[in-house]
Amino acid sequence: MTSPLRIALIGAGNMGRQHYQHLQQMDGAQLCAIADPGPQAAAFAAECAVPHFTDHRQMLAQVAPQAVIVANPNAQHVRTALDCLAAGVPVLLEKPVGVDLDEVAELVAASSASGVPVLVGHHRRHNPMISRARHVVQSGVLGRLTTVTALWQLQKPDSYFDIAWRREPGAGMLLTNLIHDLDLLRYLCGEVHQVQAFGSNGIRGFGNEDSVAVLLQFENGALGTLTGSDGVAAPWSWELGSGENPVYPRQADQPCYLLAGTAGALSVPQLTRWHYAEPGAGWHEPLLQVQETFAPAEALRVQLEHFIEVARGRVEPLVSVVDAARTLALVDAIGDAMRTGRACAPRALG
Ligand SMILES: NC(=O)c1ccc[n+]([C@@H]2O[C@H](COP(=O)([O-])OP(=O)(O)OC[C@H]3O[C@@H](n4cnc5c(N)ncnc54)[C@H](O)[C@@H]3O)[C@@H](O)[C@H]2O)c1
């Protein structure tokens, strides 16, 4: 029998601890060390009964883990992952893959040169509901995917913005939240050719956007919109609709993505599929509904199980560095479009 994979955690904050909760329930892996310079990390490591380090390089050298989970602040992702690759250790790297595309390009090159796998933590792709939605789109049952409507409209409480960096330029909902939706739109609907976008900070007046409207033109010809705001009392978002995280009271009947094709349409997360009984029918005929089914499972847990297989060299990462870099490039293109008022294409990487 294979012994449990020894996984170290770099960054034991909110997200790192969520990974640990899932790790604890798995036979195939166990926590072997924590690296985090924060004030609560030593006590947490003691609770987990593993050695604590303030510097991840020291931890890599002394513990020689078989894999690591990196959940430290965004700006450190690339440097930390490069250190892990240099030590030959497979990485589950939290999203965003990085904050700067040039830096991420270095990680793309290092990951392909070293042959050491990196899985980027766009965990929603591991949700079985998303796998089913993707299967429905790819099966062709919707016909030619034509219009895509994505909604991320909810309200963050005022206290969320008590933390200074959350009010500053670059730390807005595009990189923090909408990156998840944009990653899923790429996964479900295909690559984006170009975007146009408007942003506004009209609700709070902080240094980053509180509302955006994005137009998307996909490479396959589909056209889409993504309207987002974190300052509206509205129920339309993955967070509230999907039920993935119980800290958000669920609005199970409200969609966040509406995918329409020439032969059918699909609402996500409900996975209600709409179609006519006969090809060639139209608006005078009743639309029929089919409920697509799937076996629910926690996306973070499924992601971790997948990572164990990736680290053991049995499967390729579902979300590679190149793939995640394309999502970051899309976020960048939307930022450029908001600043310039022009249509912008995501920068090609890898
Ligand atoms: N997948 C998701 O849905 C999701 C959700 C939340 C956060 N995240 C990502 O997880 C990461 C962490 O976010 P969080 O909410 O846990 O933040 P957090 O502030 O709660 O935790 C970050 C931790 O990193 C530690 N840290 C700081 N510098 C470090 C270093 N040099 N080496 C090791 N540890 C260091 C801090 O002490 C802290 O404990 C971010 O990249 C964030 O984007 C992902």
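The values are calculated or read from the model by the stated rules, or taken from the named source; none is laboratory data. Keep in mind that this is a model prediction, so the values were computed, not measured. Counting neighbours? That spans all protein chains shown, and the Cβs are built from the backbone with ideal geometry, glycine included. Keep in mind that these areas ignore ligands, DNA and RNA; they rest on the heavy atoms of the full protein, side chains included. Shrake-Rupley method; radii C 1.70, N 1.55, O 1.52, S 1.80 Å.
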**Inter-residue pairs, beta-carbon under 9 Å, first over 18 Å from Val310 (Cβ atoms) and in the range 13-29, second crowded, with 16+ Cβ neighbours inside 10 Å and among the aromatic types (Phe, Trp, Tyr), 6+ apart** = Gly16/Phe44; Arg17/Phe44; Tyr20/Phe44
**Fill in**
Restricting attention to the range 91-126, the residues that are among the β-branched types (Val, Ile, Thr) and within 12 Å of the ligand (Cβ to nearest atom) number exactly 3
**Request:** May I ask you to say which residue of Thr54, Thr80 is open to solvent by 60 Å² or more (accessible area, probe 1.4 Å) and either of a type outside the set (Asp, Glu) or in contact (Cβ under 8 Å) with a residue 40 or more places away in the chain (or both)?
**Result:** Thr54
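Quick one: would you say Leu154 is touching a residue at least 60 places away in the same chain (Cβ under 8 Å), in the same structural domain as Gly190 (by TED's automatic domain parsing) and within 16 Å of the ligand (Cβ to nearest atom)? Reasoning before the result, please.
Working: touching a residue at least 60 places away in the same chain (Cβ under 8 Å): yes; in the same structural domain as Gly190 (by TED's automatic domain parsing): yes; within 16 Å of the ligand (Cβ to nearest atom): yes.
Against the criterion (touching a residue at least 60 places away in the same chain (Cβ under 8 Å), in the same structural domain as Gly190 (by TED's automatic domain parsing) and within 16 Å of the ligand (Cβ to nearest atom)), Leu154 qualifies.
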**Item:** Residue pairs meeting the criteria (Cβ under 7 Å; at least 6 apart or on separate chains; first under 15 Å from Ile130 (Cα atoms) and outside the structural domain of Phe218 (by TED's automatic domain parsing), in the range 245-274; second at pLDDT below 95 and not acidic (Asp, Glu))
**Value:** none
**Message:** Between a residue in the range 115-131 that is outside the structural domain of His180 (by TED's automatic domain parsing) and any residue that is open to solvent by less than 10 Å² (accessible area, probe 1.4 Å) and of a type in the set (Phe, Trp, Tyr), which pairs come within a Cβ distance under 6 Å, given they are 6 or more apart or on different chains?
**Reply:** Leu119/Phe307
**Request:** Could you tell me whether any residue of the range 218-236 is closer than 30 Å to His19 by Cβ, out of contact with any helix residue (DSSP H, G or I) (no Cβ under 7 Å at 6 or more places or on another chain) and part of a loop (DSSP other than H, G, I, E, B)?
**Result:** no
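Suppose we filter the range 38-51 for residues that are aliphatic (A, V, I, L, M) and touching a residue at least 12 places away in the same chain (Cβ under 8 Å); how many remain?
Filtering the range 38-51 down to residues aliphatic (A, V, I, L, M) leaves 41-43, 45-46, 49-50.
Applying the additional criterion that residues be touching a residue at least 12 places away in the same chain (Cβ under 8 Å) yields 41, 45, 50.
Qualifying residue count for the region: 3.
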**Asked** Are any residues in the range 22-44 more than 14 Å from Val302 (Cα to Cα), within 27 Å of the chain's Cα centre (by Cα) and among the hydrophobic types (A, V, I, L, M, F, W, C), and if so, which ones?
**Response** Leu31, Cys32, Ala33, Ile34, Ala35, Ala41, Phe44
**Request:** Kindly list the number of the only condition in (1) in a helix (DSSP H, G or I); (2) in contact (Cβ under 8 Å) with a residue 60 or more places away in the chain that fails for Glu309.
**Result:** (2)
**Request:** Report yes if Phe294 is within 16 Å of the ligand (Cβ to nearest atom), among the aromatic types (Phe, Trp, Tyr) and either within 27 Å of Arg273 (Cα to Cα) or part of a helix (DSSP H, G or I) (or both), otherwise no.
**Result:** no
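For (1) within 14 Å of the chain's Cα centre (by Cα); (2) at pLDDT 95 or above, each residue gets a yes or a no:
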residue: Val268; (1), (2): no, yes
residue: Leu271; (1), (2): no, yes
residue: Phe307; (1), (2): no, yes
residue: Ala311; (1), (2): no, yes
residue: Ala325; (1), (2): yes, yes
residue: Val331; (1), (2): yes, yes
residue: Ile334; (1), (2): no, yes
residue: Leu349; (1), (2): no, no
**Request:** Kindly list, by first and then second residue, each pair from a residue in the range 332-350 that is under 17 Å from Asn208 (Cβ atoms) to a residue that is in a helix (DSSP H, G or I), limited to pairs with Cβ atoms under 9 Å and residues at least 6 apart or on different chains.
**Result:** Asp332/Leu101; Ile334/Leu174; Ile334/Leu178; Ile334/Leu182; Gly335/Leu174; Gly335/Leu175; Met338/Leu174
**Message:** Can you report the number of residues in the range 172-209 which are closer than 22 Å to Ala234 by Cα and either away from the ligand (no atom under 16 Å from the Cβ) or aliphatic (A, V, I, L, M) (or both)?
**Reply:** 19
**Message:** If I filter the range 233-251 for residues that are more than 26 Å from Phe294 (Cβ to Cβ) and either open to solvent by 30 Å² or more (accessible area, probe 1.4 Å) or in contact with a Gly (Cβ under 9 Å, 6 or more places away or on another chain) (or both), do I get at least one hit?
**Reply:** yes
**Message:** I'm trying to understand the selection: among the residues of the range 298-316, which are open to solvent by 30 Å² or more (accessible area, probe 1.4 Å) and in contact with a helix residue (DSSP H, G or I) (Cβ under 6 Å, 6 or more places away or on another chain)?
**Reply:** Arg301, Val302, Val315
